[in-house]
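Student: This is the structure I want to talk about, given as structure tokens.
The values are calculated or read from the model by the stated rules, or taken from the named source; none is laboratory data. The structure displayed is predicted, hence computed values, not measured ones. No Cβ is skipped: glycine too gets one built from the backbone with ideal geometry, and neighbour counts run over all protein chains shown. The area values use the complete protein model at the heavy-atom level, side chains included, leaving out ligands, DNA and RNA. Shrake-Rupley method; radii C 1.70, N 1.55, O 1.52, S 1.80 Å.
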Amino acid sequence: MTGAAWPDMKASMGIGRRHFLGLGGAVLGGTQPALGASVNGARLTTEGRAARLALTLEGPMSWELRALAEPPRLVLSLPGVAWQGPARLGSAGPVASAVFDAEAMELRLTLARPALPRRLPGPAGRLVVEISPASTDAFAAAARRDMPIAQGNAPALPLVVIDPGHGGYDPGAIGRRGTEEKRLTLAAAQALRRKLQEGGNCRVAMTRDRDEFVSLADRVAFARTRDAALLISLHADSAPGAKGASVYTLAETASDPLAEALAQRENNADLAGGLSLPSVPLEVQAILLSLMRQETLGDSARFARVAVRELTRTVDVLPKPRREAGFIVLKAPEVPSVLVEMGFLSDPGDEAALRTPEHRALIAASLARAVEAWLGSTQRPTPG
């Protein structure tokens, strides 16, 4: 079956590629845990005669707004959601007070005068509602209907998983000055996380946020079970004569001897790594994996091209900085994945540069720009 047939197959079966791997169904994987939903921030501000309620959301969730009388109020119901915002939002426009009731899982907006809400357009991960003055009759009619004035589903922002290579008893490469790869990758990952969070267009998770060993299989599983939109694995390896940054995507046959050697070195860090799939008919497994990987590899390649472009503008790169190899950590069939070699600790210049926060910040900013551009140009299905 050709790659072009994959969209037709998805449409005819009514499912996307993640469902084949158990994220909502279970053909090639077990049942995955549901993602938690939370409100991570909430603000109530005055906009002219109206009030504007803005919520920052994580995870897909359903919501509905109702008008209730005696006393006049609007109630925003958020079932099953963890509220991380302030319990009280103060007053604004026609809203006299806004208080979150954790037991009922609803935000209660007591009105100083009649008002009705309307949802404003906004990016995924944000719910923005304008509450404008209304006539007494209009508010009373809305309250009598005993049905939602507004409701919907708030999709999650896409999740980017950052994978700091090595860790714990596996230091990775060690430079001439004793620089350990595992420490550089963690510091760079933290810098990249900060840049992406500042942008506010995606959620961010790290496969490790301290000095601990994480197997290659667990790194892959971390991204898969969270329905990640993208996995970026950060490294600073060792290779004689190599200098500068480079970006790698998955291929069964390496694009060159250097890429092959790097993949072998990284894969040997965890001999038990790899993707473990449950027993299904081999012909079904082969077809589905082939189709999913074609789509995923295309997304991976598109991000790699953007990442190389951005890195080239700010730091030194290898000749032919876009390469391919069989890295285990890139083998999630449904998660676009790249491995970024930030430089080589075997090169004194690269080692000296990577030891400085300023150079790591340049790399982080370059990759953050690449992520923003890639997310903006890639149409991805909403999880759930």
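Student: Taking H placed 1.01 Å from N in the peptide plane, check which residues at least 5 places from residue 116 or on another chain put their amide H under 5 Å from its amide H.
Tutor: 132, 134
Student: Compute the relative contact order of the range 135-236 as a whole-number percentage, counting only Cα pairs closer than 8 Å that sit 6 or more residues apart in sequence. Before the final figure, lay out the partial values.
Tutor: On the way: 135 pairs, mean separation 39.2, N = 102.
Reported as a whole number, the value is 38 percent.
Student: Test of understanding: what is the full-extension gain from residue 146 to residue 104, defined as 0.36 nm times their sequence separation minus their Cα-Cα distance?
Tutor: On the way: separation 42, 0.36 × 42 = 15.12 nm, distance 1.75 nm.
Taking 0.36 nm per residue and subtracting the Cα distance, the gain is 13.4 nm.
Student: Something else: At a Förster distance of 45 Å, what's the computed FRET efficiency of residue 137 paired with residue 82, Cβ-Cβ distance as r, to 0.05? Write out the running numbers ahead of the final one.
Tutor: Values: r = 38 Å, r/R0 = 0.84.
After rounding to 0.05, the efficiency reads 0.75.
Student: With every protein chain left in place and a probe of 1.4 Å, what is the accessible surface of residue 180, to the nearest 10 Å²?
Tutor: That residue has around 50 Å² of solvent-accessible surface.
Student: With a 1.4 Å probe and all protein chains kept in place, how much accessible area does residue 314 have, in Å² rounded to the nearest 10?
Tutor: 50 Å²
Student: Each residue of the range 180-194 in order: what ³J(HN,Hα) in whole Hz does its phi give by Karplus 6.51 cos²θ - 1.76 cosθ + 1.60, θ = phi - 60°, with x for Gly and Pro?
Tutor: Result, ordered by residue: 8, 4, 4, 6, 5, 5, 5, 5, 5, 5, 5, 5, 5, 4, 4 Hz.
Student: Could you check the spin-label model distance between residue 358 and residue 253? Points 7 Å from the Cα along Cα→Cβ, value in nm.
Tutor: Distance between the two pseudo-spin positions: 4.5 nm.
Student: Continuing with this model, one more query. Using the Karplus equation 6.51 cos²θ - 1.76 cosθ + 1.60 (θ = phi - 60°), what ³J(HN,Hα) coupling, rounded to whole Hz, does each residue of the range 214-224 give in order, writing x for Gly and Pro?
Tutor: 10, 5, 4, 4, 5, 5, 4, 4, 4, 6, 5
Student: Starting from 0.36 nm per residue, how many nanometres of slack lie between residue 91 and residue 312 once their C-alpha separation is accounted for?
Tutor: Details: separation 221, 0.36 × 221 = 79.56 nm, distance 4.94 nm.
Extending this stretch completely gives an extra 74.6 nm.
Student: Now for a different question. How big is the accessible area of residue 194 in square angstrom, nearest 10, if you roll a 1.4 angstrom probe over the protein chains?
Tutor: Per-residue accessible area (residue 194): approximately 130 Å².
Student: Note down the net charge around residue 206, summing +1 for each Lys or Arg and -1 for each Asp or Glu among other residues with Cβ under 14 Å from its Cβ. Don't skip to the answer; put the middle values down first.
Tutor: Values: positive: 182, 193, 194, 195, 203, 208, 210, 219, 226; negative: 163, 209, 211, 212, 218.
Overall, the nearby charge balance is +4.
Student: I would also like to ask the following. Taking loop as defined by DSSP and a crowding limit of 14 other beta carbons within 10 Å, which GluC sites (Glu not before Pro) in the range 37-116 fit? Before the final figure, lay out each step's value.
Tutor: Numbers: sites: 47, 58, 64, 103, 106; in loops: 103.
Loop-located and lightly packed - 103.
Student: Can you tally the net charge around residue 50? Count Lys and Arg as +1, Asp and Glu as -1, for every other residue whose Cβ sits under 12 Å from the Cβ of residue 50.
Tutor: +2
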